[in-house]
Amino acid sequence: MTRLGPTDYRAPHRLARLLIALRVPAEEREFVKGDLDEGMALVRQERGRWIALVWYARQLTSLLVNRRIAAASSPSLSSQASRNELSMPTLFDLRMALRSLRRAPLFSTLVMFTLVIGIGATLAVFNVVYSALLAPPPYPDPDRLVVLWERSSAGEKENIGWLTGTDISKETRSFSSVAMISYWGPIARFGEHARQLNGIRVSHTYFRTLGVRPLIGRDFTPEEDQSVATRRVAILSFALWRSLYGGDTSIVGKSASINGVPYLIAGVMPKGFRDVFTPLTEIWGPLGYSPDYVPACRTCRHLRAIARLRPEVSLTAARQELDVFQQSLKSRHPTEYASVGMTVPTLQTETGGRFKPSLLGLLGAVTLLLALACINVGNLFLGRSGEKHQDLVIRMALGADRGRLLGLVSLEALILALSGGGLGALVGWYGSRKLLTLQSIPPALADGASPLVPMIGIALLASVVAALIGGSLPALLTLRESALQEIRVGTRSVSNRLRHRLRHGIVIAEVALAVILLASAGLQVRTLRHALSVDPGFDPAGVTTTAISLVGPQYDSAGSTRTFYRNLLGGVEAIPGVEAAAVVNQLPLGGNFDASGVHREDRTQPNPELDPSAQRFAVSPGYFDAMRIALLRGRPITPADREGSDPVAWLNRSGATRIFGTDDPIGKRIKMGGMDGPWYTVVGIVEDVRHLSLDGEIENQMYLPFDQNQYEESALTLVTRGRGEVRAFEPGVSAAIKRLDPGAATSAMSMNEVVRRQLGARRLALSLIGGFAVIALILALGGLFGVVSASVTERLREIGVRSALGATPGRLIRMVAAQGLGLVLAGTAIGIGGMLAARGIMTRFVVGVSPGDPLNFVGVAGLLGLVAMMAMIVPAVRASRVDPLTVMRSE
Amino acid sequence: MSLGDLEQLVLLAILRLSPEAYGISVQQEIAARARPEVTLGAVYSTLTRLEQKGLVSAKIGPPTRVRGGRRKKLYIVTGAGREAVRESLQALRSLSRGLTPRLGTP
């Protein structure tokens, strides 16, 4: 024995002390605890900490299941007193149950596995749904936080212009503070490495409105928020601070190179802080708008606004005040507002609402899976109860107490269910962490708010239900019959018939649930395929996109960015393999939504705000070629379309029809944005391009030559179409950029990748539902296999007689298969019925395919039938090989 | 008096360990030499049974640091216990005599 040093002692765990106190008589506890600790220390020294922990747990369990250590009188089972004492499950029963389960490892594993999958998946999805929809935003007094939208004449929610937000903040009384938010994707340079960050620009009141403060450093000041010149200051997220600076607190107050210029790092947000609309925000900067700044205008509706209600003001009162206030704004600035009031949802409604349908759909799918798992556990137990049947009968014949036997069988089920539920809870917790970190589920606001109580509740409820269905029901069936009668009639008893009926019902239910999940997965596949088959209007294959951010004093003079891009295109087009190259201010499907009003010269309105709006693309001459956007009418952009020449514009097909109706747009003149800009002559029509999403509506789109753009764009995207591998000419492109401006921050991605990212959320939904469907299929077929094989076993004698009377093997196979197929058909019919009944709900989750699509059902039924056949082959072939003589002899 | 399998092993272990035979040392001795899977719980209930049968007797030993200052319950085999071990070993020996070739070498 190894000698232990005096310092090796560690105090036992509290739980262990409690268990020992419960089970070991007081006078023995000291010795037992001492032995456990000494043994633990020994094992740890010899075999390490983890083995020691396992050892400890095992010894502890052995203490608990072995009958009382110092029991002076062992209770005899025959005495009346002890029988009463034992009518409740005791630790002795627990040991019996454990032993019985250990003897059926396959069965126990299957039950646990089923429960872990069902409960784990449910909890993972539930947790996400909870954080996204039910949990309050993780800020102080979250119910006082609201989002402010202008309401368009069509009743839609619209972003607001900076001046509108400022007026609300100054002139209304409902809010203690108001803050505005704009997107920001700065490119930060750290040594050789440049990376685009997820950022937002915010009013200096932003964090105050939310009620949070930086962990270290300070908040933005009103002075920093005054102008573009003063806004070079940033607050970092905890994660960014850790990854870039390794958590060095001295970095606060120093500067970092962001978009090529030095920014002061003012502070770092706390670890758990997640931003309101974009939880993964890494960096915040001040908005820095002022009344004379061009994007600050009232019609520049690109800002989101949040506000905190004053404590004494109700939401209704605030809504009324804002509606009235908006009317007064409209009367003061009649040409700048078309809206008819404001929409003011609470922050929670706003952030949860967007994802409600898809998340609830997922929750529905996972609930079906959980139901399936519970039913399947019941099925497994029923299958086993056939084996346990005789055992129970004999025990009853020997005088065992019925209640006690029932308790015993239920106890087995409960042990499995609770351990499966516990493991499932762990899996679910882990899964939800994984899901919440995925970018495609953005509203994961409640990082710290884990719904522990409801989660444990669900796990417990599911476990207990599974245990009741699985354990107690079969036992009750057996115990209903008197023991003697059972033995007399053998296996063909009433309870047996009931059990069969129950198992058949279960298989039908399983098949039905599997059909629903498979059909849903099928619809998701079709939706995704629809999205993928949509013609985006351009050809992404072979195109590389490079986001370029030009910041620095050298770009302050007018026209400098145009000079840059012209030189750049010259350099890039010279690279071998490059077919076409161009720059654009916003990339289709790239997440930008720059739009402005379109005003017709021949049809002016008193209020230009009532004119339609269109997405605005400023492009260089090669753009339509590089993206392969078809020119339907008119002429292409040429290098002659530059500053000083007549301003020209192109419209997309749908936009042209919507804006000009039956009039011919070519040759007509339009203005874009405010009414103070130049007139643009429409000189061409191009094909529609999917800009915001692949499956949404086509919006109005207009293109203008980059050189005739009213705005100096400091952020632009280079699109390069090349022959062969996309990656092959990328080094050349980035070298060309570096030659012109070593400080230019860039980030490259293939156009195919841009499109793929668009579909991230759909792909996730598909893979989750698809995964559930596959599990459902496996569970249902496992159930079918179990039922059919059990039936073959029990009908061996009948099959033997049939075979002796001349039934051919083919006939016997058909007989067995027919029984299984009947169950599959019934289940499929019920499943399809369920899907059809839920058609109204399903419509919300699919695009481009009808929920009642017959092809989908045919596919699902076909797949199910095929796999069902496979599940039945083994028992059916077994039936066909039955030797009549062997069967007769065994009776 | 006939002995159970584990009772026999526990008695032998106590004899080997004497005077340092107590719960965990007995369990470790049996685990190391005969039954790796034996648990403390099983050892305790066997010890209790042996004590009731009068085959072992217990006394309280001194506390040690590694046990968190707790004392040990030390066991010794009584005269009856030695007799029982002797009998059961005797029985084993006489029954297995001459069987070695048939059992094969371990």
For the stretch A:726-748, does any single residue satisfy the condition of being over 21 Å from A:S549 (Cα atoms) and among the acidic types (D, E)? no
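Could you pull out every one of the helices (runs of 4 or more DSSP H) wholly within the stretch A:697-797 that has 2 or more residues that are in contact with a strand residue (DSSP E or B) (Cβ under 8 Å, 6 or more places away or on another chain) and buried (at least 18 other Cβ atoms within 10 Å of the Cβ)? Lay out the reasoning, then the answer.
Details: elements: A:730-740, A:751-758, A:760-794.
Counting at least 2 such residues, we get A:730-740, A:751-758.
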Of (1) exposed (fewer than 14 other Cβ atoms within 10 Å of the Cβ); (2) at the interface with chain A (Cβ under 7 Å from one of its Cβ atoms), B:I24 satisfies every one except (1)
Given (1) buried (at least 18 other Cβ atoms within 10 Å of the Cβ); (2) within 26 Å of the chain's Cα centre (by Cα), A:I841 misses just (1)
So, restricting to strands (runs of 3 or more DSSP E) that lie completely within the stretch A:532-644, which ones have at least 3 residues that are buried (at least 18 other Cβ atoms within 10 Å of the Cβ) and touching a residue at least 12 places away in the same chain (Cβ under 8 Å)? A:543-549, A:578-584, A:595-600, A:613-619
How many of the residues making up the stretch A:33-47 are more than 12 Å from B:Q28 (Cα to Cα) and more than 7 Å from chain B (Cβ to nearest Cβ)? 4
When A:I69 is run through (1) within 25 Å of B:T48 (Cα to Cα); (2) surrounded by 16 or more Cβ atoms within 10 Å (Cβ to Cβ); (3) at pLDDT 50 or above, the failure sits at (3)
Flagged in the stretch A:182-204 as modelled with pLDDT of 85 or more and crowded, with 23+ Cβ neighbours inside 10 Å, in numbering order, are A:G199, A:V202, A:S203
Show the residue pairs meeting these rules: Cβ distance below 9 Å; 6+ apart or different chains; first residue within the stretch A:833-844 and in the same structural domain as A:I769 (by TED's automatic domain parsing); second residue among the basic types (K, R). none
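Do the conditions hold for B:A84, that is, is it within 22 Å of A:V43 (Cα to Cα), under 15 Å from the mean Cα position of the chain (by Cα) and more than 14 Å from chain A (Cβ to nearest Cβ)?
For B:A84, the condition - within 22 Å of A:V43 (Cα to Cα), under 15 Å from the mean Cα position of the chain (by Cα) and more than 14 Å from chain A (Cβ to nearest Cβ) - is not met.
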Condition check: among the β-branched types (V, I, T), assigned by TED's automatic domain parsing to the domain that holds A:G782 and without any contact (Cβ under 8 Å) to a residue 40 or more places away in the chain. Does A:V847 satisfy that? no
Give me the residue from the stretch A:143-170 that is farther than 23 Å from A:E609 by Cα and surrounded by fewer than 17 Cβ atoms within 10 Å (Cβ to Cβ) and, out of that set, farthest from the chain's Cα centre (by Cα). A:K170
So A:S250 ticks every box in (1) touching a residue at least 12 places away in the same chain (Cβ under 8 Å); (2) surrounded by fewer than 17 Cβ atoms within 10 Å (Cβ to Cβ); (3) closer than 17 Å to A:D219 by Cα but one. Which box is left unticked? (1)
Which of the residues that make up the stretch A:803-841 are under 22 Å from A:L523 (Cα atoms) and either touching a Ser or Thr at 6+ places or on another chain (Cβ under 7 Å) or among the polar types (S, T, N, Q) (or both)? A:T828
Matching entry among A:R242, A:R319 (being part of a helix (DSSP H, G or I) and within 29 Å of A:P742 (Cα to Cα)): A:R242
Does A:L123 fit the bill of being under 30 Å from A:L368 (Cα atoms), hydrophobic (A, V, I, L, M, F, W, C) and assigned to a helix (DSSP H, G or I)? yes
Sole exception among (1) surrounded by fewer than 21 Cβ atoms within 10 Å (Cβ to Cβ); (2) not in a loop (DSSP other than H, G, I, E, B) for A:A234, by number: (1)
Filter the stretch B:54-81 for residues that are of a type in the set (G, A, S) and within 22 Å of the chain's Cα centre (by Cα); which is nearest to A:M40 (Cα to Cα)? B:G61
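Suppose the filter is closer than 25 Å to A:V754 by Cβ and either over 28 Å from the mean Cα position of the chain (by Cα) or in the same structural domain as A:E687 (by TED's automatic domain parsing) (or both); does A:D539 pass it?
Numbers: closer than 25 Å to A:V754 by Cβ: yes; either over 28 Å from the mean Cα position of the chain (by Cα) or in the same structural domain as A:E687 (by TED's automatic domain parsing) (or both): yes.
Criteria met by A:D539.
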Only one of A:A121, A:A188, A:A179 is assigned by TED's automatic domain parsing to the domain that holds A:L411 and among the small types (G, A, S), namely A:A121
Anything in the stretch B:35-59 that is within 7 Å of another protein chain (Cβ to nearest Cβ) and crowded, with 23+ Cβ neighbours inside 10 Å? List them, or say none. B:L40, B:G41, B:Y44
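Considering only the stretch A:845-852, I want to know if a residue exists there that is on the phi > 0 side of the Ramachandran plot and either modelled with pLDDT under 85 or outside any helix (DSSP H, G or I) (or both). Reasoning before the result, please.
Quick first cut of the stretch A:845-852, residues on the phi > 0 side of the Ramachandran plot only: A:848.
Adding the requirement that they be either modelled with pLDDT under 85 or outside any helix (DSSP H, G or I) (or both) leaves A:848.
So far as the stretch A:845-852 goes, yes, one or more of its residues are on the phi > 0 side of the Ramachandran plot and either modelled with pLDDT under 85 or outside any helix (DSSP H, G or I) (or both).
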So which of A:S520, A:S440, A:S533 is within 24 Å of the chain's Cα centre (by Cα), modelled with pLDDT under 75 and more than 20 Å from A:L115 (Cα to Cα)? A:S440
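The values are calculated or read from the model by the stated rules, or taken from the named source; none is laboratory data. Everything numeric in this text was worked out from a predicted model, so none of it was measured. With ideal geometry, Cβ positions are generated from the backbone for all residues, glycine too; neighbour counts draw on all protein chains shown.
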